[in-house]
Amino acid sequence: MRIVGNRVERPLALRPTSELFAEGLRFIAAAALGESSTYIPKGVYRFRTHAQAEEQRLACLARGIAVRSAAARAAGR
């Protein structure tokens, strides 16, 4: 088995602390700023190879980022 990363999961706290609360708020803020979409249109896709699937994923991602970037520029961000 391969282990990636070194983050240790914290045990559940019986009493919340301000440190844990702040960590939770940072997590929520990061999730809110993250991508809300994969930019892949809904549907069922079947590919003959993983390479074809990856090509479609990257094309949708590039298109989605371009659209989001153009919208941000238009809004003056």
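A few points about this structure:
- Some residue of region 63-72 being under 15 Å from the mean Cα position of the chain (by Cα), assigned to a loop (DSSP other than H, G, I, E, B) and modelled with pLDDT under 90: no
- Any hit, region 50-68, residues being out of contact with any Gly (no Cβ under 8 Å at 6 or more places or on another chain), surrounded by fewer than 10 Cβ atoms within 10 Å (Cβ to Cβ) and not basic (Lys, Arg): yes
- Filter result (under 22 Å from the mean Cα position of the chain (by Cα) and among the acidic types (Asp, Glu)) within region 1-52: Glu9, Glu23, Glu35
- Here region 1-49 is the region considered, the condition is being modelled with pLDDT of 85 or more and of a type in the set (Ser, Thr, Tyr), and the residue that is farthest from Arg68 (Cα to Cα) is Thr17.
- Yes/no for Ser37 being among the polar types (S, T, N, Q) and part of a loop (DSSP other than H, G, I, E, B): yes
- Pairs linking a residue in region 6-29 that is free of Cβ contacts under 8 Å to residues at least 24 places away in the same chain and surrounded by 10 or more Cβ atoms within 10 Å (Cβ to Cβ) to a residue that is in a helix (DSSP H, G or I) and of a type in the set (Gly, Ala, Ser), with Cβ atoms under 8 Å and 6 or more positions apart or on different chains, do not occur.
The values are calculated or read from the model by the stated rules, or taken from the named source; none is laboratory data. Just so we're clear, the structure is a prediction, and the values are computed from it rather than from any experiment. Methodologically, a virtual Cβ is constructed for each residue, glycine included, from the backbone with ideal geometry; neighbour enumeration extends over all protein chains shown.
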